[in-house]
1. Please go through the range 1-22 and pick out each residue that is more than 28 Å from residue 60 (Cα to Cα) and in a loop (DSSP other than H, G, I, E, B).
2. Conditions: (1) in contact with a strand residue (DSSP E or B) (Cβ under 7 Å, 6 or more places away or on another chain); (2) surrounded by 12 or more Cβ atoms within 10 Å (Cβ to Cβ); (3) at pLDDT below 90. Residue 73 meets all but one. Number of the miss?
């Protein structure tokens, strides 16, 4: 019962965001999830969305045009 209440509360507070081609995004680096520091940068930098597939994966590129290796989850 407690888990169901927590899930219901969490689901009502989720903010969905959609990305479009040419949007500027910050790539979150999840390797810092265990080392939470208040003033440490946890993003991999600023990227431009180049392409979004039907399943929600995005191809990113740096501001200089260099493609990010692989694709990332763009459903957020």
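1. Within the range 1-22, 1 is the sole residue that qualifies.
2. Result: residue 73 passes all but (2).
The values are calculated or read from the model by the stated rules, or taken from the named source; none is laboratory data. Bear in mind the structure is a predicted one, so any value in this text is a computation, not a measurement. Cβ atoms come from the backbone with ideal geometry, glycine included; neighbour counts cover every protein chain shown.
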